[in-house]
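The values are calculated or read from the model by the stated rules, or taken from the named source; none is laboratory data. Bear in mind that the values here come from a model prediction, so they are computed numbers and not experimental data. Please note: Cβ atoms are built from the backbone with ideal geometry, for glycine as well, and neighbour counts cover all protein chains shown. Protein only, heavy atoms only, side chains kept; ligands, DNA and RNA dropped before computing areas. Shrake-Rupley method; radii C 1.70, N 1.55, O 1.52, S 1.80 Å.
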Amino acid sequence: MAFPFFTLEDAARSFPGAVPPVKLAVLGDPVAHSRSPQLHNPALRARGFDAQYVRLAVPPARFREALARCREAGLAGVNCTIPHKFAALEVADDVDPPARRLGAVNTLVFRDDGRLAGFNTDGPGLQRALEETFAIPLAGLRVLVLGAGGGAGRAAAVQCALAGCARLILVNRTREKIEALATELTVGADALLPAARLTLQATPDLCEADLVINATSVGMKPDDPTLVDPAQWEPRHLAYDMIYSPPETPLLAAARAAGAHVGNGLSMLLHQGAASFAHWFGDPVPLEEMRRGLQESFTSQAED
Ligand code: NAP
């Protein structure tokens, strides 16, 4: 099934009178690859809403204009993806405290009183995905985040600290990025964990880790390097790769071959979407319809 994709100019022409009415959108650049419509449209139908979720291509310089147009068109809210998550944090009138801590907003709600509320569902979505995949609370785990200096890695690290992980091991190719994050996590009145529970590494050492999260983009392409020596994996490890295409990266394949429990990023995608839906419309969130919509999007892609 094809899902609508609009430029801002298309939107001005097409949103008024669209059937069903456009009530939600993901704003990004690029955005054509986004699977958010496949998640949210089944959920809107399941709740009986006469509404649709669309993709809207918005260059950075036109982000504020796009938000104004979406509000005028009567949208309930929007998702913001690359490169708008930081601009969304700046533009929101009311920012949920965890979103401020995570340093990015991916969900905006147009409130009836005219205010713009900002949330981050990537961090909570990841936590829900990890706890569902491994059937274990994040609190108390020793977590190694590969690529902690990137946007998704930072969100993973902050969420693990917020959730009360027992140890946080930050790994990043560019050292300065995790040094800054380490200071942010351990220094000051709002520190999230004691410095003694934080380790920085240049290359991953899995000895002290229970859970390993790959938050780099390494593993998406067949000729990508291997970031974890396969000999380090043990059956006690939990391995989560934020990448979901391919469904099993070489990192996950090596971990699985060693007997570790593994999971890919599809569950994170699902749960961040479910949390956004809850911010717009409250409970109940039709999680199974969203899960099915997402799975079907991969089946139909395979058939293309
Ligand atoms: P990003 O901000 O560009 O960060 C990329 C990270 O990967 C950085 O830490 C970077 O290290 C590291 N990296 C890249 N190439 C490397 C290499 N050859 N060797 C070692 N490290 C390398 O990207 P992002 O937005 O955080 O996304 C990262 C991944 O997470 C992507 O695959 C994305 O699709 C996935 N993701 C999935 C979900 C989901 O819902 N499942 C959500 C968000 C993101 P340096 O700092 O040294 O450059």
Exception for T133 within (1) within 22 Å of A202 (Cβ to Cβ); (2) in contact (Cβ under 8 Å) with a residue 40 or more places away in the chain falls at (1)
Does any residue of segment 48-56 turn out to be modelled with pLDDT of 95 or more and on the phi > 0 side of the Ramachandran plot? yes
Taking A155 as the residue in question, decide whether it is assigned to a loop (DSSP other than H, G, I, E, B), within 16 Å of the ligand (Cβ to nearest atom) and open to solvent by less than 30 Å² (accessible area, probe 1.4 Å). no
Every listed condition ((1) in contact (Cβ under 8 Å) with a residue 12 or more places away in the chain; (2) assigned to a loop (DSSP other than H, G, I, E, B); (3) under 30 Å from E72 (Cα atoms)) holds for G114 save (1)
Among the residues in segment 30-42, are any surrounded by fewer than 17 Cβ atoms within 10 Å (Cβ to Cβ), over 19 Å from G293 (Cα atoms) and not basic (K, R)? yes
Inset, instruction - Determine, yes or no, whether V143 is within 16 Å of the ligand (Cβ to nearest atom), among the β-branched types (V, I, T), in a helix (DSSP H, G or I) and open to solvent by less than 70 Å² (accessible area, probe 1.4 Å). - result: no
- Do we have A209 as over 25 Å from T299 (Cα atoms), away from the ligand (no atom under 14 Å from the Cβ) and open to solvent by 20 Å² or more (accessible area, probe 1.4 Å) here? no
Residue check for P204: within 16 Å of the ligand (Cβ to nearest atom) and under 12 Å from V145 (Cα atoms): yes
Selection over segment 212-240 where residues are open to solvent by less than 70 Å² (accessible area, probe 1.4 Å), under 18 Å from the mean Cα position of the chain (by Cα) and either closer than 17 Å to R154 by Cβ or more than 10 Å from the ligand (Cβ to nearest atom) (or both) yields a count of 8
Condition set open to solvent by 40 Å² or more (accessible area, probe 1.4 Å) and over 17 Å from Y53 (Cβ atoms), scope segment 267-295, selection nearest to the ligand (Cβ to nearest atom): answer is Q295
Exception for R47 within (1) farther than 16 Å from G293 by Cα; (2) among the charged types (D, E, K, R); (3) surrounded by fewer than 19 Cβ atoms within 10 Å (Cβ to Cβ); (4) in contact (Cβ under 8 Å) with a residue 60 or more places away in the chain falls at (1)
Q. Hey, does segment 175-188 have a residue that's in contact with a strand residue (DSSP E or B) (Cβ under 8 Å, 6 or more places away or on another chain), open to solvent by less than 70 Å² (accessible area, probe 1.4 Å) and touching a residue at least 40 places away in the same chain (Cβ under 8 Å)?
A. no
Going through (1) open to solvent by 60 Å² or more (accessible area, probe 1.4 Å); (2) farther than 20 Å from C165 by Cα; (3) modelled with pLDDT of 95 or more; (4) not hydroxyl-bearing (S, T, Y) one by one, L251 fails only at (1)
